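The values are calculated or read from the model by the stated rules, or taken from the named source; none is laboratory data. Small disclaimer: the values here were computed from a predicted structure and weren't measured. Cβ placement follows ideal geometry from the backbone for every residue including glycine, while neighbour counts extend to all protein chains displayed. These accessible areas exclude ligands, DNA and RNA; they are computed on the full protein's heavy atoms, side chains included. Shrake-Rupley method; radii C 1.70, N 1.55, O 1.52, S 1.80 Å.
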Amino acid sequence: MGLIHVVDHPLVQHKLTLMRKVETGTKDFRILLKEISLLMGYEVTRDLPMESIEIDTPLEHMIARRVSGKKVAIVPILRAGLGMVDGLLQLTPAAKVGHIGLYRDEDTHKPVFYYCKLPFDIEQRMCIVVDPMLATGGSSCDAIDYIKKTGCKNIRLMNLVSVPEGIAAVQTRHPDVDIYTASIDRCLNENAYILPGLGDAGDRIFGTK
Ligand code: PRP
Ligand code: URA
């Protein structure tokens, strides 16, 4: 069963509270999401494989540590996942970025697929799927399905806000995937929106409502 990592660092929680506020506008919402993504990325990448290399400091020779091999692929679920890419790229500038396009049908709340383009060597990388919201879990589960079709085995999911229903859905369909979240909120409402949540993440990032 995949582990649930709640990133409860005070700076993450403080910024999330600002994002939740109804009066926080698009500009600040975007900046805060980028900052939180960078902070959460620090935890998500904690077990990147390392190797030893020989280097010279100005004073002496030493054996030093560095991240080894092909490193990271970041896969945002469009649209809202795009808001989490830049923060992660600041941490891992050489990461490759794939995109998976899914939107939720307003009536059924089921994800509808419209786009997928992934790095050709994604199966050799740690793949971080990013989406601010884990609600029913349908979008994240489908996105992980597409990534697994490439043979990629090292997949983790990074959400800002989740609910128990979404977590259970991912754990059932993808028991090998760890979830990183800044908050496990109370429940879903009748429209499958997270309560208390932060509203429609895509609309708040892109100012479309
Ligand atoms: C939102 C969110 C997730 C999905 C979560 O996207 O960004 O992708 O809903 O819901 P789920 O866990 O129930 O699948 P939305 O469908 O609103 O599309 P958008 O990002 O294009 O706004
Ligand atoms: N998608 C969102 O953007 N917000 C929610 O609360 C649920 C799904």
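Taking the criterion of being of a type outside the set (Lys, Arg), assigned to a strand (DSSP E or B), without any contact (Cβ under 8 Å) to a residue 12 or more places away in the chain and open to solvent by 50 Å² or more (accessible area, probe 1.4 Å), would at least one residue in the stretch 4-11 satisfy it?
Scanning the stretch 4-11, I find no residue that is of a type outside the set (Lys, Arg), assigned to a strand (DSSP E or B), without any contact (Cβ under 8 Å) to a residue 12 or more places away in the chain and open to solvent by 50 Å² or more (accessible area, probe 1.4 Å), so the answer is no.
I'd like to know if the stretch 149-160 contains one or more residues that are of a type in the set (Val, Ile, Thr), within 8 Å of ligand 1 (Cβ to nearest atom), open to solvent by 20 Å² or more (accessible area, probe 1.4 Å) and at pLDDT 95 or above.
no
Restricting to the stretch 176-194, and then to whatever is outside any loop (DSSP other than H, G, I, E, B) and within 8 Å of ligand 2 (Cβ to nearest atom), can you tell me which residue is farthest from the chain's Cα centre (by Cα)?
Out of the qualifying residues, it is Leu188.
Could you give every pair whose Cβ atoms fall below 7 Å, whose first residue belongs to the stretch 49-71 and is touching a residue at least 24 places away in the same chain (Cβ under 8 Å), and whose second residue is surrounded by 10 or more Cβ atoms within 10 Å (Cβ to Cβ) and among the acidic types (Asp, Glu), counting only separations of at least 6 or pairs across chains?
Lys70/Asp121
Look at Thr136 and say whether it is in contact (Cβ under 8 Å) with a residue 12 or more places away in the chain, crowded, with 16+ Cβ neighbours inside 10 Å and part of a loop (DSSP other than H, G, I, E, B).
Judged against the criteria, Thr136 is a match.
Given the condition crowded, with 21+ Cβ neighbours inside 10 Å, farther than 25 Å from Arg46 by Cα and either under 18 Å from the mean Cα position of the chain (by Cα) or within 15 Å of ligand 1 (Cβ to nearest atom) (or both), answer yes or no: does some residue in the stretch 100-107 qualify?
Within the stretch 100-107, one or more residues are crowded, with 21+ Cβ neighbours inside 10 Å, farther than 25 Å from Arg46 by Cα and either under 18 Å from the mean Cα position of the chain (by Cα) or within 15 Å of ligand 1 (Cβ to nearest atom) (or both).
Failed condition for Asn159, given (1) within 11 Å of ligand 2 (Cβ to nearest atom); (2) under 17 Å from the mean Cα position of the chain (by Cα); (3) assigned to a loop (DSSP other than H, G, I, E, B); (4) not aliphatic (A, V, I, L, M), with all others met?
If we test Asn159 against (1) within 11 Å of ligand 2 (Cβ to nearest atom); (2) under 17 Å from the mean Cα position of the chain (by Cα); (3) assigned to a loop (DSSP other than H, G, I, E, B); (4) not aliphatic (A, V, I, L, M), just (3) comes out false.
For residues in the stretch 19-42 being part of a helix (DSSP H, G or I) and open to solvent by 60 Å² or more (accessible area, probe 1.4 Å), which is farthest from Leu89 (Cα to Cα)?
Arg20
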